[in-house]
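Enquirer: Let me begin by handing over the structure; questions about it come next.
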Amino acid sequence: MGTTLLERELKRGSAEVLILALLEQRQRHGYEIGQLITDRSRGAITFHIASLYPTLYRLEDRGLIEGRWVEKAGQRRRRYYRLTADGRKVLKSQRDVWQTFFLALDRIAGIS
Amino acid sequence: MNWNARIREAFASRGHVPDGDIIEELSQHAALAFQRARAEGSSQEAAERQVDELIEAWTTDANALRPRSEQSTAIEPPVTSRSLGAGLIQDACYAVRLLRREPGFTALAIVTMALGIGATTTLFSVAYGVLLKPLPWPNADRLVRVTETRGGRIGRVRGTVMNGAYLAWADHPATIDGLAGWIRRTQTMTIAGGEPRRVPLIAITPSAFPLLEARPLLGRSFAEGEGARGAPGVALLSYGLWREQFGGRPEAVGGELRLDEQPYTIVGVMPREFAFPDREARLWTAWVVPEVAGPQGLLTGVIFSALARLRDGVTPAQASAEATARARSAPDASTVAIALFGAKEPIDIAVTSARDALTQDVKPGIVVLLVAVALLLATATANVASLQLARAATRRHELAIRAAMGAGTARLTRQLLVESGILGLAGGAAGLALSTALHRLLPAILPADFPRLDDVAVDWRVLLFALAISLITSVVCGLMPALGARRVDLAESLGDGGYQSRSSAGARTARIRTSIMAGQVAVACLLLVGASLLGRSFVALVNADRGYDPSNVLTARISLPAAYSMERRIQVLEGIIGRLRGVAGVRDVAYGNALPLLTAGGFRAFKMRPPSDPSIEIDVNTIERVVSPGYFNALGLRLTSGRSLSESDTMSAPQAIVVNRSFAAKYLGAAPLGAMVPSLGMCRGNSDRWQVVGVVEDMRQGAVTDLPQPELFLPFRQIGCTNAVADPILAVRTAGDPVPYAPILRDVVRLEAPTLALDAVMTMDDRMMTSLARPRTYALLLAGFAAFALAIAGVGLFGVLSYSVAQRTREIGVRTALGAQARDIVRLVVRQGLAIAGAGVAVGLAVSAAAVKSLSTFLYGVAAYDAASFIVVPAVLAAVAILACVVPARRAANIDPLRALRHS
């Protein structure tokens, strides 16, 4: 039970930084984001699909990312997300926090 | 697979369906997940099952999927199409989508263009309809107006000839096919059993109808010889009068009506479109131009308007030569000629196009307004071009990508032209709608006496004109950004957004926009100077000293039947003014045969020995007014010496006259009082000699710009003959607003003389304002154009400065970071705004200084180089410029240096 709780908290906390990081380089749509998280963590973090969109919308509400519909001739319109200036700032500070956290874990528990 | 419906269903079963955009986003996710599952080898069913699980998972936390604020869709440009037609349609669709994305810009552009195009189209329509359109008669290009001058002087009634010249030419002319003459009259019409009413009518020679090739709708037109003295009176009804008074009944033809108590037989009805010489004419009566040599050797001189039709191939100059030669050898009523022209000879007969003669008075005004409206259109177009340039600058990225993807310059230019073409057509359509509405308002906007308004209509020429100027403005607006797009450099635009590259591109746009802006300020400056001059001139016209006081005076004309004796006339008029004097609030009441801006009364020419040198005889040529004693007070004339006419100046008293300052100065010398004026042709037998008892200040009969004329005032009760006072005018000076006294005046006349009709009931102020309707209209229209140009300049300046601030965000950030204060930044922006405005004002003032000369004919009481106008206008423009600077300057001052630097 404890493990699951921790797992959930970790996931929740990490979900945001993961999304922000994935949008750092270029704009992506929702499916791509979900897929990348699964693929890049080699399946270790299967982002719970139910929480992907709520997380995206929450980030958007906070102005950290910006979604917009893009229409290309001959294609359905798609919703792309990209990082805002505020999102970039938050990503940087989150990275610092996580770095400190991992450093601490490494020093104490030998986890790196 | 319709994932959209499936997801919607799943959410519906949980009782919460999120926003449509969210469903759409999820269904795309579902589609992609399904594709991937299939690609990885899952069966159709297995893949569907996987996706269903996914959907199930989403619905567990449905409330977290809140609706988002509406966000717009980014629009990708179309790929290049093979065929031109399809490409254009594609471009048009793309452009419409882009324009809908920017409703603010689109609306501003369309409204600006609509105002410019609407105003220009309307004025074009007026100019075309009034100045260029042929008159509505067959072969109208050969119709000419005939006017007489003597010793280079035109007649007292403009554009007229005398009977001598007319009759000399009418007899077998070589250069014309026909000649017709007419006189305007207002007479009291009575139709059996009806109330008497005043109608404006035209007494016209029977030759006019074949000359105009006009045929009546019913009955016949006049036959040769009808209208001669002693012959039975015949009349033709206008369509309007026939409908109003005779209910459009054909039996009206052959019926009778009375004009000033004389019987007339109605011989026909003219068609609805027949309006000669204009719409004012309700009725035509046959008239014959009287011979100069009358019975008992009396010479008769009559002045009237005349029209001729040139023979094929004859020039107006040839016709004029023939008419002049004939007039000079014809018998002449020379004393009448002196009274009417101020000279006897040499006679010259001018022959001018009937259309030009009709419209020559309004032509300069129309030309000035056309120039003004063209400037307005130019500034409106420049404004849209400037907006387009700003948009193009923000779209450099898009244009660069498209250029990189293989879109050639021509392709991009086409796209931009299609875009501005759509804007132009939308603006043109809105402008045309505006113009159509303005056409309906024209009779209210333009002065009542503006000629040919009936001929101003939205027709195919106007439509074509609107389309043409819409397309021209579109091309101009589209070409500017397109020229910019030609130089789109991919590396520069897609590079890392470095300060250097962006600024060089932006600077180019900014330079062009700045020049446009200065031009717009210059146009606004020019129009404002023009409007200020015309406005000040109008105020000067209103306040000018006319020699009489037009405020609080009610005037009306009353027509007395020719059969009334002089005693009867005086009795009726005295009865009316006696009753009016008893009305509370009435200060002075008078009557006379003359009123400024309505009728001068009579003209008189005679020989006199001046008191200063009785050994010589001089020709006197004067306006003659026959008035009641109260006339001077009622009109507020100012007595400069002697006395005015009094109640005691009756038939039995010595004959007294009052002259005006011009008469005294010109004919009587230093001591006018007591001077004797010889026979005035009044019915006084041997005692027709008059003594000057007073001198009044000159008054202006017509326009205040006309030179004062010699005038003399005779007492109504001393002249003894009725022909000088056929239609007396009443003048009532009241303590306050005279308008409420109009019904009282009518009641009094009805009580005193039930069969008499009043017309021309109007306050003197209204008469004056009506006479100033043209200068007022020109001033108001130019002021409207100037206000529009000023608004465009203000908004434009605001746009340019905002753009510039956005472009210079980094620079301003650096300045702030280096310690610049907010006020330094504000100063930076304001300085830029004022520099642009200053350049525009400098150019505008220079152009104004050169252009105002052409306005000088419109100006009264204000110099073309009016210092106030040339000082106030730049001040107004400076104020508008500062106002336009405020928001961009504050925005600049609030730039956060850290964000600005990061942003770049």
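Enquirer: Scanning for something of a type in the set (D, E, K, R), touching a Gly at 6+ places or on another chain (Cβ under 9 Å) and not assigned by TED's automatic domain parsing to the domain that holds residue B:438, does segment B:864-873 turn up at least one residue? Show your work before the answer.
Expert: Residues of segment B:864-873 that are of a type in the set (D, E, K, R), as a first pass: B:866.
Adding the requirement that they be touching a Gly at 6+ places or on another chain (Cβ under 9 Å) leaves none.
Checked against the condition, which is being of a type in the set (D, E, K, R), touching a Gly at 6+ places or on another chain (Cβ under 9 Å) and not assigned by TED's automatic domain parsing to the domain that holds residue B:438, segment B:864-873 yields no hits at all.
Enquirer: Would you confirm whether or not segment B:18-28 contains a residue that is away from chain A (no Cβ under 12 Å) and out of contact with any Phe, Trp or Tyr (no Cβ under 8 Å at 6 or more places or on another chain)?
Expert: Residues of segment B:18-28 that are away from chain A (no Cβ under 12 Å), as a first pass: none.
The answer is no, given that none of the residues of segment B:18-28 is away from chain A (no Cβ under 12 Å) and out of contact with any Phe, Trp or Tyr (no Cβ under 8 Å at 6 or more places or on another chain).
Enquirer: Here is a list of conditions, (1) under 26 Å from residue B:260 (Cα atoms); (2) modelled with pLDDT of 90 or more; (3) surrounded by 17 or more Cβ atoms within 10 Å (Cβ to Cβ), and residue B:725 meets all of them except one; can you say which number that is?
Expert: With (1) under 26 Å from residue B:260 (Cα atoms); (2) modelled with pLDDT of 90 or more; (3) surrounded by 17 or more Cβ atoms within 10 Å (Cβ to Cβ) applied to residue B:725, the lone miss is (2).
Enquirer: Would you call residue A:32 modelled with pLDDT of 80 or more, more than 14 Å from every other protein chain (Cβ to nearest Cβ) and touching a Leu at 6+ places or on another chain (Cβ under 9 Å)? Show your work before the answer.
Expert: On the way: modelled with pLDDT of 80 or more: yes; more than 14 Å from every other protein chain (Cβ to nearest Cβ): no; touching a Leu at 6+ places or on another chain (Cβ under 9 Å): yes.
No.
Enquirer: While we're on this one: Given B:215, B:243, which one is of a type outside the set (S, T, N, Q), in a helix (DSSP H, G or I) and on the phi < 0 side of the Ramachandran plot? Break it down stepwise before answering.
Expert: Values: B:215 fails: in a helix (DSSP H, G or I).
Only one candidate qualifies: B:243.
Enquirer: A further question follows. With closer than 27 Å to residue B:274 by Cα and outside the structural domain of residue B:315 (by TED's automatic domain parsing) as the only criterion, which of B:163, B:139 stands out? Give the derivation first.
Expert: Details: B:163 fails: outside the structural domain of residue B:315 (by TED's automatic domain parsing).
The match here is B:139.
Enquirer: Another question, if that's okay. If the requirement is being modelled with pLDDT of 90 or more, in contact with a helix residue (DSSP H, G or I) (Cβ under 9 Å, 6 or more places away or on another chain) and on the phi < 0 side of the Ramachandran plot, which of these qualifies: B:350, B:343? Can you show your working first?
Expert: On the way: B:343 fails: modelled with pLDDT of 90 or more.
Residue meeting the stated conditions: B:350.
Enquirer: Out of B:198, B:184, B:150, report the one residue that is in contact (Cβ under 8 Å) with a residue 12 or more places away in the chain, buried (at least 22 other Cβ atoms within 10 Å of the Cβ) and within 30 Å of residue B:360 (Cβ to Cβ). Talk me through it step by step, then tell me what you get.
Expert: Numbers: B:198 fails: buried (at least 22 other Cβ atoms within 10 Å of the Cβ); B:184 fails: buried (at least 22 other Cβ atoms within 10 Å of the Cβ).
The match here is B:150.
Enquirer: How many residues does segment B:1-46 hold that are hydroxyl-bearing (Ser, Thr, Tyr) and closer than 17 Å to residue A:80 by Cα? Give the steps one after another, and end with the answer.
Expert: So in segment B:1-46, the residues hydroxyl-bearing (Ser, Thr, Tyr) come out as B:13, B:27, B:42-43.
Add one more test, that the residue is closer than 17 Å to residue A:80 by Cα, and what stays is B:27.
Of the residues in that region, 1 qualify.
Enquirer: Among the residues of segment B:152-169, which ones are of a type outside the set (A, V, I, L, M, F, W, C), under 35 Å from the mean Cα position of the chain (by Cα) and closer than 16 Å to residue B:605 by Cβ?
Expert: The answer is B:153, B:155, B:156.
Enquirer: Looking only at residues in segment B:52-80 that are more than 10 Å from every other protein chain (Cβ to nearest Cβ) and modelled with pLDDT under 75, which one is farthest from residue B:10 (Cα to Cα)? So that I can check it myself, show each step before the final result.
Expert: Kept after step one, since they are more than 10 Å from every other protein chain (Cβ to nearest Cβ), are these residues of segment B:52-80: B:52, B:70, B:80.
After this cut, where a residue has to be modelled with pLDDT under 75 as well, the list is B:70, B:80.
Details: B:70: 24, B:80: 42 Å.
Looking at the filtered set, the residue picked out is B:80.
Enquirer: Okay, next question. In the set B:319, B:330, which member is buried (at least 20 other Cβ atoms within 10 Å of the Cβ) and in the same structural domain as residue B:166 (by TED's automatic domain parsing)? Let's see the steps before the verdict.
Expert: Values: B:330 fails: buried (at least 20 other Cβ atoms within 10 Å of the Cβ).
When all the criteria are applied, what remains is B:319.
Enquirer: Which condition breaks for residue B:174 when tested against (1) in contact with a Leu (Cβ under 8 Å, 6 or more places away or on another chain); (2) modelled with pLDDT of 90 or more?
Expert: Condition not satisfied by residue B:174: (1).
Enquirer: Out of the residues in segment B:448-467 meeting the condition of being over 14 Å from residue B:122 (Cα atoms) and of a type in the set (A, V, I, L, M, F, W, C), tell me which one is surrounded by the fewest Cβ atoms within 10 Å (Cβ to Cβ).
Expert: Once the filter is applied, the top-ranked residue is B:448.
Enquirer: Which members of segment B:343-364 meet the condition of being out of contact with any Pro (no Cβ under 9 Å at 6 or more places or on another chain) and more than 23 Å from residue B:297 (Cα to Cα)? Give the steps one after another, and end with the answer.
Expert: Taking segment B:343-364 and keeping what is out of contact with any Pro (no Cβ under 9 Å at 6 or more places or on another chain), we get B:343-349, B:354, B:356-357, B:360, B:363-364.
Listed by number, the residues that qualify are B:346, B:348, B:349, B:354, B:356, B:357, B:360, B:363, B:364.
Enquirer: Among (1) in a loop (DSSP other than H, G, I, E, B); (2) closer than 16 Å to residue B:727 by Cβ; (3) modelled with pLDDT of 90 or more, there is one condition residue B:561 misses while meeting the rest; what is its number?
Expert: Against the list (1) in a loop (DSSP other than H, G, I, E, B); (2) closer than 16 Å to residue B:727 by Cβ; (3) modelled with pLDDT of 90 or more, residue B:561 comes up short only on (3).
Enquirer: So, one more: Go over the candidates B:354, B:330, B:343 one by one and state the one that is among the small types (Gly, Ala, Ser) and more than 37 Å from the chain's Cα centre (by Cα). Before the answer, list the steps.
Expert: Details: B:354 fails: more than 37 Å from the chain's Cα centre (by Cα); B:343 fails: more than 37 Å from the chain's Cα centre (by Cα).
The match here is B:330.
Enquirer: Among the numbered criteria (1) over 30 Å from residue B:756 (Cβ atoms); (2) over 40 Å from the mean Cα position of the chain (by Cα); (3) of a type outside the set (A, V, I, L, M, F, W, C), which single criterion is violated by residue B:568?
Expert: All conditions are met except number (1).
Enquirer: Is it fair to say residue B:294 is among the small types (Gly, Ala, Ser), surrounded by fewer than 20 Cβ atoms within 10 Å (Cβ to Cβ) and within 12 Å of residue B:236 (Cα to Cα)?
Expert: Details: among the small types (Gly, Ala, Ser): yes; surrounded by fewer than 20 Cβ atoms within 10 Å (Cβ to Cβ): yes; within 12 Å of residue B:236 (Cα to Cα): no.
The answer is no for residue B:294.
Enquirer: Of the residues B:215, B:229, which single one is in contact with a helix residue (DSSP H, G or I) (Cβ under 9 Å, 6 or more places away or on another chain) and assigned by TED's automatic domain parsing to the domain that holds residue B:177? Talk me through it step by step, then tell me what you get.
Expert: Working: B:229 fails: in contact with a helix residue (DSSP H, G or I) (Cβ under 9 Å, 6 or more places away or on another chain).
After ruling out the rest, the residue left standing is B:215.
Enquirer: Sticking with this one: Might you check whether a residue that is in contact (Cβ under 8 Å) with a residue 60 or more places away in the chain, within 30 Å of residue B:450 (Cβ to Cβ) and within 35 Å of the chain's Cα centre (by Cα) occurs anywhere in segment B:313-321?
Expert: Yes, segment B:313-321 has at least one match.
Enquirer: Okay, next question. Do we have residue B:168 as outside any strand (DSSP E or B) and either buried (at least 22 other Cβ atoms within 10 Å of the Cβ) or assigned by TED's automatic domain parsing to the domain that holds residue B:210 (or both) here? Steps first, please.
Expert: Values: outside any strand (DSSP E or B): yes; either buried (at least 22 other Cβ atoms within 10 Å of the Cβ) or assigned by TED's automatic domain parsing to the domain that holds residue B:210 (or both): yes.
It is true that residue B:168 is outside any strand (DSSP E or B) and either buried (at least 22 other Cβ atoms within 10 Å of the Cβ) or assigned by TED's automatic domain parsing to the domain that holds residue B:210 (or both).
Enquirer: Then there's this: Check B:644, B:612, B:648, B:652 and return the single one that is of a type in the set (S, T, N, Q), surrounded by fewer than 17 Cβ atoms within 10 Å (Cβ to Cβ) and in contact (Cβ under 8 Å) with a residue 12 or more places away in the chain. Show your work before the answer.
Expert: Values: B:644 fails: surrounded by fewer than 17 Cβ atoms within 10 Å (Cβ to Cβ); B:648 fails: in contact (Cβ under 8 Å) with a residue 12 or more places away in the chain; B:652 fails: in contact (Cβ under 8 Å) with a residue 12 or more places away in the chain.
Answer to the selection: B:612.
Enquirer: Report yes if residue A:91 is at pLDDT below 85, more than 7 Å from chain B (Cβ to nearest Cβ) and either under 15 Å from the mean Cα position of the chain (by Cα) or surrounded by 17 or more Cβ atoms within 10 Å (Cβ to Cβ) (or both), otherwise no. So that I can check it myself, show each step before the final result.
Expert: On the way: at pLDDT below 85: no; more than 7 Å from chain B (Cβ to nearest Cβ): yes; either under 15 Å from the mean Cα position of the chain (by Cα) or surrounded by 17 or more Cβ atoms within 10 Å (Cβ to Cβ) (or both): yes.
So residue A:91 does not fit the description; no.
Enquirer: Being out of contact with any Asp or Glu (no Cβ under 9 Å at 6 or more places or on another chain) and surrounded by fewer than 16 Cβ atoms within 10 Å (Cβ to Cβ) is the filter here; which residues of segment B:674-705 pass it? Write out each step before concluding.
Expert: Quick first cut of segment B:674-705, residues out of contact with any Asp or Glu (no Cβ under 9 Å at 6 or more places or on another chain) only: B:674-677, B:683-692, B:694-695, B:702-703, B:705.
Within segment B:674-705, B:674, B:676, B:683, B:685, B:686, B:687, B:689, B:691, B:702, B:703, B:705 meet the criteria.
Enquirer: Let me ask something else. Out of B:599, B:514, B:555, which single residue is out of contact with any Cys (no Cβ under 6 Å at 6 or more places or on another chain), at pLDDT 95 or above and of a type outside the set (A, V, I, L, M, F, W, C)?
Expert: On the way: B:599 fails: at pLDDT 95 or above; B:514 fails: at pLDDT 95 or above.
Matching residue, one of B:599, B:514, B:555: B:555.
The values are calculated or read from the model by the stated rules, or taken from the named source; none is laboratory data. Quantities reported herein were computed from a predicted structural model and do not represent experimental measurements. Cβ sites come from the backbone with ideal geometry, for glycine too, and all protein chains shown count toward neighbours.
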